[in-house]
Amino acid sequence: MDSLENYAMRVLVDAGCDCYTYGGPSARHIMDDLKEAFPKGMKYPYIDVANAILAMSRPEPISRKPYVMVFDMPSDCDEIEYDSFEAAQNSAEDTLCEWMAQEMATWKSDVPDQEEKDRWDYMIYNFGVSVRKYDPMTDEYFDVWEPDWNELTELGWKEFGE
């Protein structure tokens, strides 16, 4: 006969879960999840299976990626984690190119009118990217790279008057 603990572990594995799945805030939803997955009941009472799963659950370890790429726009500022400086820097440069492509896609023709040029210049002066590195001693990220004007102009990131 299958022990309660083995049964609970099999329920987790069959659902594609592991010992970290209910180790945090999602633990309070375990009963609802079990009832939804097994609407006709289980081999053991829901509460017993839930408690067995919670007994083997562990919180997800805290981790930070060593680098983040920060993108800053008037409407949003966020960051994306990366394992390497090169990946974060490439993502930052790709983000600038994507912003330019999105802006040019709104133009009525290949030659922008004055309003489109003004929107372009607004983007150039109000959108930005940078790369930050994690410091485990302070649990904060600090700036390690922001594209200089030469790097920006090589990508085409310059105002229309230039």
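Residues in the stretch 52-74 that are assigned to a loop (DSSP other than H, G, I, E, B) and touching a Lys or Arg at 6+ places or on another chain (Cβ under 9 Å): Pro66 alone.
Is it the case, given these coordinates, that Leu96 is surrounded by 13 or more Cβ atoms within 10 Å (Cβ to Cβ), at pLDDT 95 or above and either in the same structural domain as Val11 (by TED's automatic domain parsing) or not β-branched (Val, Ile, Thr) (or both)?
Working: surrounded by 13 or more Cβ atoms within 10 Å (Cβ to Cβ): yes; at pLDDT 95 or above: yes; either in the same structural domain as Val11 (by TED's automatic domain parsing) or not β-branched (Val, Ile, Thr) (or both): yes.
Yes, satisfied.
On the given criteria, is Pro147 in a loop (DSSP other than H, G, I, E, B) and modelled with pLDDT of 95 or more? Yes, satisfied. Scoring Arg64 on the criteria (1) surrounded by 15 or more Cβ atoms within 10 Å (Cβ to Cβ); (2) in contact with a strand residue (DSSP E or B) (Cβ under 7 Å, 6 or more places away or on another chain) leaves a single failure, condition (1). Pairs meeting the criteria (first residue in the stretch 18-47 and β-branched (Val, Ile, Thr), second residue outside any helix (DSSP H, G or I), beta carbons under 8 Å, at least 6 apart or on different chains) are Thr21/Ser57; Ile30/Tyr22.
Taking the criterion of being closer than 20 Å to Pro74 by Cβ and of a type in the set (A, V, I, L, M), the residues of the stretch 106-154 that qualify are Met123, Ile124, Val129, Leu152.
Assess whether Asp139 counts as being over 30 Å from Gly16 (Cα atoms), out of contact with any helix residue (DSSP H, G or I) (no Cβ under 8 Å at 6 or more places or on another chain) and surrounded by fewer than 17 Cβ atoms within 10 Å (Cβ to Cβ). Yes.
Restricting the search to the stretch 75-95, which residues are acidic (Asp, Glu) and not in a helix (DSSP H, G or I)? Result: Asp76, Asp78, Glu79, Glu81, Asp83.
Taking the criterion of being closer than 30 Å to His29 by Cβ and without any contact (Cβ under 8 Å) to a residue 40 or more places away in the chain, the residues of the stretch 77-100 that qualify are Asp78, Ile80, Glu81. Among the residues making up the stretch 19-55, those that are within 16 Å of Tyr7 (Cα to Cα) and of a type in the set (Gly, Ala, Ser) are Ala37, Gly41, Ala50, Ala52, Ala55. Can Asp32 be described as in a helix (DSSP H, G or I) and surrounded by fewer than 16 Cβ atoms within 10 Å (Cβ to Cβ)? Yes; evaluated as a whole, the condition is true for this residue.
The rows are residues; the columns are (1) in the same structural domain as Phe85 (by TED's automatic domain parsing); (2) in a helix (DSSP H, G or I); (3) among the hydrophobic types (A, V, I, L, M, F, W, C).
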{"position": "Gln102", "(1), (2), (3)": "yes, yes, no"}
{"position": "Asp110", "(1), (2), (3)": "yes, no, no"}
{"position": "Glu116", "(1), (2), (3)": "yes, yes, no"}
{"position": "Trp120", "(1), (2), (3)": "yes, yes, yes"}
{"position": "Met123", "(1), (2), (3)": "yes, yes, yes"}
{"position": "Val131", "(1), (2), (3)": "yes, no, yes"}
{"position": "Tyr134", "(1), (2), (3)": "yes, no, no"}
{"position": "Thr138", "(1), (2), (3)": "yes, no, no"}
{"position": "Asp143", "(1), (2), (3)": "yes, no, no"}
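The values are calculated or read from the model by the stated rules, or taken from the named source; none is laboratory data. It should be emphasised that the depicted structure is a prediction, and the values quoted were computed from it without experimental measurement. Quick reminder, even Gly has a Cβ in these numbers, built from the backbone with ideal geometry, and neighbours come from all protein chains shown.
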